[in-house]
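Notes follow once the structure below has been shown.
Computed from the coordinates by the stated procedures, all read-outs in this text should not be read as laboratory data. Bear in mind the structure is a predicted one, so any value in this text is a computation, not a measurement. For neighbour counting, all protein chains shown are included, and Cβ atoms are generated from backbone atoms with ideal geometry for every residue, glycine included.
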Amino acid sequence: MSPSPILELVGLHKAYGSLSVLRGIDLRVWPGEMVCVIGPSGSGKSSMLRCCNRLEESTGGQVVVDGVDITRADVDINTVRQHIGMVFQQFNLYPHLTALGNVALALRKVQGKSKAEAETLAMAALERVGLVDKARVYPAQLSGGQAQRVGIARAIVLEPKLILFDEPTSALDPETVGEVLKVMRQLRETGMTMLVVTHEMGFARAAADRVIFMDGGVIVEEGVPAAVFGAPQHERTKAFLARYHAAE
Amino acid sequence: MSDFERFIHTFFNLEVAARYWPDILSGLGVTAGIGLLVAVSGLALGVALAVLRAMQIRPLSLLIIAFADILRALPPLVLMIIFFFAFPLIGMPMNAFTTVWLTLTLVLAAYAEESMWGGILALPRGQSEAARSTGLTWWQTMTAVILPQAFRIAVPPLTNRVIAISKNVALGSVVALSEVLNNAQSASSLSANPTPLTMAAFAYLLLFLPVMLAARRLERRWQWKV
Ligand SMILES: Nc1ncnc2c1ncn2[C@@H]1O[C@H](COP(=O)(O)OP(=O)(O)OP(=O)(O)O)[C@@H](O)[C@H]1O
Ligand SMILES: [Mg+2]
């Protein structure tokens with residue numbers, strides 16, 4: 001029996017009014033894979049990611065998560081979302097809760113766990129991102145890198161099948177980017193399936209199993225990092241990477 | 001009599017105070033009681049309306065906006081008179097206590113709805129997106145993530161509003177409510193001396209200073225907001 005993909009996008013379309021931003025995306029993400037998505041601003045990377053847990057509603061095609069088309073009307077999206085973590089560019093931590101409270105909230109509200117059980121699990125998740133000592137601290141007192149690691153803990157505590165990352169390091173000071181990328185690498189080693197939109201080309205090249213280059217609402221090119229970065233086939237990919245190198 | 005003695009005799013007349021303090025005290029009880037009830041029911045109704053508005057059902061939102069605008073535009077005195085004198089004509093007589101309570105509850109609810117709505121709007125979209133992405137329902141997101149933050153934002157304006165509206169209990173004198181200022185006024189005309197009004201002033205301080213202090217403490221405790 002061949003393994004089935006955790007995530008499969010089939011002919012995915014998304015339009016905001018008359019503006020068509022995803023124009024037929026086909027993508028499979030396999031168990032344990034880390035797929036990095038790169039591409040110019042406005043190419044539809046965030047839109048694609050947000051269609052995967054229906055923070056945006058797609059306007060055509062299918063989003064199949066673990067064999068279930070979650071765009072169907074009879075799907076209970078709140079149940080599905082427990083299995084799809086999301087990490088945001090702006091962290092989006094709840095400022096009125098401690099780091100522990102942030103991580104424990106969904107355990108309590110969605111999974112109905114007791115306070116003690118939720119806190120034990122939340123502590124374990126904070127441990128995995130190296131922030132046990134910040135458990136009782138409020139987000140305002142965390143550095144950007146620490147805040148984002150709490151964001152990752154909040155996603156992994158639900159033991160999702162897939163985690164979506166939308167530019168997780170773009171809002172960080174350069175000094176703290178490394179600690180977040182390190183946590184993501186460790187996650188990958190534990191076999192977590194990850195779909196990561198990123199501008200960190202070095203990270204994508206070193207850590208991704210596969211790289212997707214998007215432009216104009218379509219996937220222009222995909223392949224192993226060495227291929228996409230080392231020998232891009234399409235003009236648009238070459239131009240994008242050249243611009244990137246020039247900027248660096 | 002020196003000027004100072006005359007001043008004391010006029011505003012701090014112990015004889016008058018001894019005679020009328022029970023009236024002032026019972027008036028204070030009425031004012032405090034209605035004020036407290038209004039604070040509870042007005043805030044609860046205001047929060048409920050803000051939550052309903054957040055459901056973004058257009059006709060419902062328009063109704064709530066109309067309610068909030070009309071109740072904030074009308075002087076509470078006018079509402080009180082309408083309730084007290086007009087409702088009996090349609091077979092719904094109201095006593096003075098109910099009239100004042102209902103009027104001020106509706107007015108406070110209108111202001112509280114606007115403050116809470118402002119607090120809800122002030123929150124970044126990412127807050128509800130983060131909560132929903134972990135599987136929380138709309139309602140769970142509202143109660144666990146949105147309202148606690150919106151409430152903290154709304155506390156300073158809400159405190160001011162609760163105090164301002166509780167002072168409006170004094171308007172109840174038009175419907176003959178025996179609240180503290182009404183009683184003080186009667187007492188000072190009976191005794192031809194303003195000492196009861198001085199006592200009323202102290203009664204108000206006794207009532208509202210603790211409220212203000214409590215609100216300050218709450219605001220300080222919620223300093224996590226940067
Ligand atoms: N809610 C929205 N309403 C209308 N248009 C939108 C909305 N969200 C995104 N867009 C538009 O859709 C297009 C794709 O946006 P998207 O955020 O998916 O791009 P992106 O690849 O993530 O870009 P970036 O690298 O800047 O984050 C852009 O033209 C953007 O202006
Ligand atoms: Mg984006």
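For the reader, a short list of remarks on this structure follows.
- A DSSP coil position with no more than 11 other Cβ atoms inside 10 Å describes the following trypsin sites (Lys or Arg not before Pro) in the stretch A:50-116: A:72.
- Mean separation of Cα contacts under 8 Å (6+ apart) over length of the stretch B:3-223, as relative contact order %: 34
- Cleavage-rule hits, chymotrypsin sites (Phe, Trp or Tyr not before Pro), the stretch B:158-226, DSSP coil, Cβ neighbours within 10 Å at most 12: none
- Restriction of the GluC sites (Glu not before Pro) in the stretch A:34-124 to DSSP coil positions whose beta-carbon has at most 12 other beta-carbons within 10 angstrom yields A:57.
- Mean separation of Cα pairs under 8 Å and 6 or more residues apart, divided by the residue count, gives chain A a relative contact order of 26 percent.
- CD proxy at 222 nm, helix term only [per DSSP H run n ≥ 4: -39500 (n - 2.57); per residue of the protein assembly as shown; nearest 500]: -18000 deg cm²/dmol
- Förster radius 45 Å - calculated FRET efficiency between residue A:120 and residue A:209, Cβ distance, rounded to 0.05: 0.90
- Within the protein assembly as shown: Cβ-based charge dipole about Cα centre, in debye rounded to nearest 20 (Lys, Arg +1; Asp, Glu -1): 260
- Dipole of the stretch B:3-223, positive direction: furthest Cα of B:18, B:133, B:211, with charges on the beta-carbon: B:133
- Global geometry of the protein assembly as shown, whether rounded, prolate or oblate, following the gyration tensor of its Cα atoms and the 1.5 cut on a/c: prolate
- Cβ-derived FRET efficiency at R0 41 Å, residue A:78 paired with residue B:213, nearest 0.05: 0.45
- Span per principal axis, largest first, for the Cα atoms of the stretch A:48-146 (Å): 45, 29, 23
- Across A:115/A:161; A:109/A:161; A:113/A:134; A:161/A:182; A:14/A:113; A:45/A:109, pairs whose alpha-carbon gap is larger than 28 Å: A:14/A:113; A:45/A:109
- Projecting label points 7 angstrom from Cα along Cα→Cβ for residue B:86 and residue B:14 puts them 5.2 nm apart.
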